[in-house]
Amino acid sequence: FRKIQNAYNSDIKKNPTLYSLKREFNERFDKSPDHEQFTLFDGVLKESIVIATNKDTEKKIKVRPDDTFQLGQIVDCFNGKWLITSIDPKTDFCTSGLMMECNYNLPFQNSIGKIVSYPCVVSNASQYNSGIDENKTLTIGSNQFMIYVPLNEETMQLTYDRRLFISNNTIKPVPYKITRPDDVSKTNNGVGVLCLIMSQDQLNIAEDNVELRICNYYEKPIVP
């Protein structure tokens with residue numbers, strides 16, 4: 001039986017059955033109405049099955065048996081960018097997870113002054129907030145955003161009090177300050193998604209470069 005199933009390396013009884021199910025699933029994979037042939041994961045072509053959820057901006061995704069993907073990967077699908085935000089820990093049959101549609105490109109300067117940007121998911125974290133705080137002397141914005149962005153060496157530099165423009169206003173974009181970075185809850189062995197709570201801040205005309213959309217802009221140092 002193991003020879004027929006090509007399962008000589010199986011060391012437990014369920015492995016031949018699992019192999020058979022994976023082979024059957026693999027043969028029917030591209031017959032699914034949710035099959036996507038040209039889905040790209042960080043530029044790598046992978047066949048996928050993408051399933052709708054009750055939210056238009058979230059999709060379930062799975063790949064062929066013995067193929068895989070990682071938390072924090074960017075997926076090119078449906079003419080947009082999507083971020084893998086969770087993966088089912090049970091991967092013996094196939095890798096499956098959840099991806100969210102990216103709705104913003106987050107620009108910032110890295111540690112050597114180079115301007116980089118990453119697709120990210122921005123959602124409003126001010127559900128019960130009027131958007132302003134008032135006292136006797138000052139009225140300021142109090143909006144907050146939750147941001148999901150791929151975790152890597154560059155985005156790890158986004159930590160407490162770092163200021164970023166999060167706005168589509170090209171004339172007077174709104175800056176936000178990082179008030180709670182989280183590089184743990186959506187990661188696995190250091191790979192995954194960086195979660196940022198951003199609180200509205202004040203524009204600093206002297207330091208913020210509106211044209212480049214970079215807060216606290218500084219010139220890249222000239223290396224001799």
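Protein heavy-atom surface of the stretch 153-204, 1.4 angstrom probe: 46% of the accessible area is carbon and sulfur, with nucleic acids and ligands not counted.
Within straight-line reach of Lys22, meaning a Cα separation under 13 Å, sit the following aspartates and glutamates at least 8 residues removed in sequence or on another chain: Asp66, Asp67, Asp92.
Sort Ser117, Ser185, Ser199 by accessible area with a 1.4 Å probe, largest first.
Numbers: Ser117 60, Ser185 80, Ser199 25 Å².
Listed by decreasing accessible area, they come as Ser185, Ser117, Ser199.
Treating each Cα of the stretch 63-133 as an identical point scatterer and summing with the Debye formula, the log10 of I(q)/I(0) at q = 0.17 Å⁻¹ comes to -0.81.
Taking the protein heavy atoms of the stretch 35-109 in the context of the full set of protein chains, the accessible area attributed to carbon and sulfur is 49 percent at 1.4 Å.
Across the protein chains, with a 1.4 Å probe defining accessible surface, the residues Phe165, Phe25, Phe38 rank Phe38, Phe25, Phe165 from largest area downward. Eigenvalues of the alpha-carbon gyration tensor of the stretch 12-112, scaled by 5 and square-rooted, set the equivalent ellipsoid semi-axes at 28, 16, 12 angstrom, largest first. Across the stretch 60-74, coupling constants 3J(HN,Hα) worked out from phi with the 6.51/-1.76/1.60 Karplus curve, θ = phi - 60°, read 7, 9, 9, 10, 4, x, 6, 9, 7, 8, 10, 4, x, 6, 9 Hz, and Gly and Pro carry x. Electrostatic bookkeeping for Asp201 treats Lys and Arg as +1 and Asp and Glu as -1; over the other residues with beta carbon under 9 Å from its beta carbon, the sum is +2.
Segment Thr68..Ser117, full-extension length gain: 15.1 nm, with 0.36 nm per residue of separation and the alpha-carbon distance subtracted. The 1.4 Å probe gives accessible areas that order Ile171, Ile84, Ile197, largest first, as Ile171, Ile197, Ile84.
The values are calculated or read from the model by the stated rules, or taken from the named source; none is laboratory data. Just so we're clear, the structure is a prediction, and the values are computed from it rather than from any experiment. For neighbour counting, all protein chains shown are included, and Cβ atoms are generated from backbone atoms with ideal geometry for every residue, glycine included. Keep in mind that these areas ignore ligands, DNA and RNA; they rest on the heavy atoms of the full protein, side chains included. Shrake-Rupley method; radii C 1.70, N 1.55, O 1.52, S 1.80 Å.
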